[in-house]
Amino acid sequence: MRRSARRLSMAAFLVSAALCDASSARTLQVRPGREPQSRLTWTYPFTVDLSKAAAVAFDFRVGDLSEFSDFGLSFESGGGWYSLRFSPDCAKTRMCVNLGHARIEGSPAGWNSLTRMRLTAWRCGNGSTEIEMGEVTPVPRLLDAAPGERRTAYSHYSWGLTRDAHGAANTVRELKACGFTDYCTAVAYADVAFYRSKALRTSPQVDEKGDALAALLRECRRGGVKYHAWIVSFLASPPSSRKDIADELKRATDEGLMAVSFDGKVSGEWHCPTHPVNRSRFMDVVAEIAGLGVDGIHYDYIRYPNEGACFCAGCRERFEAFAGRRVDNWPKDVRSDARLAQKWKSFRCDTITSLLKNAAARVRGVDNGIELTASVFPAAGNAAWHVAQDWPEWISAGCVDAVHPMSYTQSVEMFGGVLRKEAAAADVKRIVPTLGLRCWQDDGRGVERMRGQIAELRAAGCTGFGVFNFEQDLLPALRALAASAAEPGVSGSRLRCPYPARRKPVR
Ligand SMILES: [Zn+2]
């Protein structure tokens, strides 16, 4: 028999029907009764509007928790009730009960028409004890708790959530359901575009699936979501398009446009960041996209692959001009000679920074309202040394409006630690960390970890965050995040939302 159906027939101990409103704290006495297995209820007037709340929170203390097997909280509305169960982990705690999992009894009139609240305690003992319940207050949704916050979803796949341009409207609906304000899809690489481009080879997939940029921009505009075109700056193409651009890659290799490693190996995917042809094409792509009416341009792979590149003949020539001297033992001397090594680091950083400065001037000449952002390695000092991203300098020079550190660690503690160092290096309002949900090992705590990281970045003063990656199999976790309450320790919610195990990282 369902417990709710037994409510009126049970010989319960109706301790009090106090006249005070349930918003105030109270102590409830529990005394031995005739029947040890009984259900106790206390009912109070309650008229707080919970229609915008994700949960209710209250302090809760039980003298002897072993006297009870469970607790319930019900809200009367019109001709019915919303009923929830909750189980405190210890005798004195703060409860936060998620309203999203309420069971409906009868025909309630809505969370904005509440009349009474009922606390239910299921006894398993027959001793004397007491229950202390604090003020019951609404808890907003996590995402409503920071109005104006920017929340960017990234889709590595150019057409977004669905497989072609026809799905763009559905993608935007899902974005909004998950609480995202901004959307970013990868539409241009160094050798191929997923929109109709004059600056780059247009992917043959555009004929088959439609223009990714045009379709998503149109639907984002309709749905009130900002669209950012994501440029994968120095990477030739996504792996799935390599065969489509085989001719371009061969030509680029023959013309010396590809990056060369310290030991002389020519990359099959990375372009040399100093080569004038590569830089000029990057600028053309940026200018072309700026003319398409996008809300933002997002630079990714705006860097060297690592400290082991680029050592092509052109880089030697350009570095010697930068350093104002010959390098006799190329490339060994740039590592063994301390002064050259320092200059080499400056040269690499300058390569990327100067390109971004020129790009910003070009974009602002076309459309001054376009926002410029870049995915960067987390921790500024490491980013500059490892991949030549001197992003505090980019921020102070104004060539990007914000950086998006790829803070993909799964640990909330480490995420917070890195962020505090980043905030010491640059204006925290221009740091928009990207949470790496796609890259995490699934330990069943993805939503809880995102919540923890969001609390860290809000506490640090960030004005928003991003999530990598927005794709079909992560939607349950992202929806659960959007529905979750702004207070931690939610009881009865499904925070342990699973998501698929880690695949090979795609960025
Ligand atoms: Zn080079």
With the 8 Å Cα cutoff and a minimum separation of six or more residues, the chain has a relative contact order in percent of 14 percent
Given a cut-off of under 8 Å on Cα pairs at least six residues apart, what relative contact order in percent is computed for region 316-409? 25 percent
Here the FRET efficiency for residue 135 versus residue 169, based on Cβ atoms and R0 = 41 Å and rounded to 0.05, is 0.40
Per residue convex hull volume, Cα only, region 306-439, in Å³ is 140 Å³
Under a cut-off of 21 Å between alpha-carbon atoms, report the lysines in cross-link reach of residue 198, not counting same-chain residues fewer than 8 places apart. 209, 243, 250
Under 30 Å from the Cα of residue 421 - lysines, other chains or at least 8 residues apart: 226, 343, 345, 357, 429, 504
Using the Kyte-Doolittle scale, which helices in the chain average at least -0.5 and also have C-alpha atoms spread 24 Å or more along the helix axis, with helices defined as whole DSSP H runs? 338-366
If you take every DSSP beta bridge whose two residues both sit in the chain, what share of them, in percent to the nearest 5, is antiparallel? 60 percent
Taking θ = phi - 60°, what integer Hz values does the Karplus form 6.51 cos²θ - 1.76 cosθ + 1.60 yield along region 197-211, in sequence order, with x for Gly and Pro? 10, 9, 7, 10, 5, 7, 4, x, 5, 5, 5, 7, 9, x, 7
Using mean Cβ contacts within 10 Å as the protection proxy, how do 255-261, 318-324 order, highest first? 255-261, 318-324
Please state the shape class of region 190-236: rounded when a/c is under 1.5, otherwise prolate if a/b exceeds b/c and oblate if not, all from the C-alpha gyration tensor. oblate
What's the local net charge at residue 249, with K and R +1, D and E -1, over the other residues with C-beta under 9 Å away? -1
Give the separation of the Cα centroids, region 426-445 to region 140-208, in Å. 18 Å
Evaluate 2.2 N^0.38 Å with N set to the residue count of the chain, then give the Cα radius of gyration divided by it. 1.23
Dividing the helical contributions, -39500 (n - 2.57) per DSSP H run of n ≥ 4, by the residues of the chain yields a 222 nm value, nearest 500 deg cm²/dmol, of -9000 deg cm²/dmol
Could you tell me how far the Cα centroid of region 49-89 sits from the Cα centroid of region 254-329, in Å? 60 Å
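Rule-based calculations on the coordinates, nothing more; no lab input. These numbers come from a predicted model, not from an experiment. Cβ: placed from backbone, ideal geometry, glycine included. Neighbour counts: every protein chain shown.
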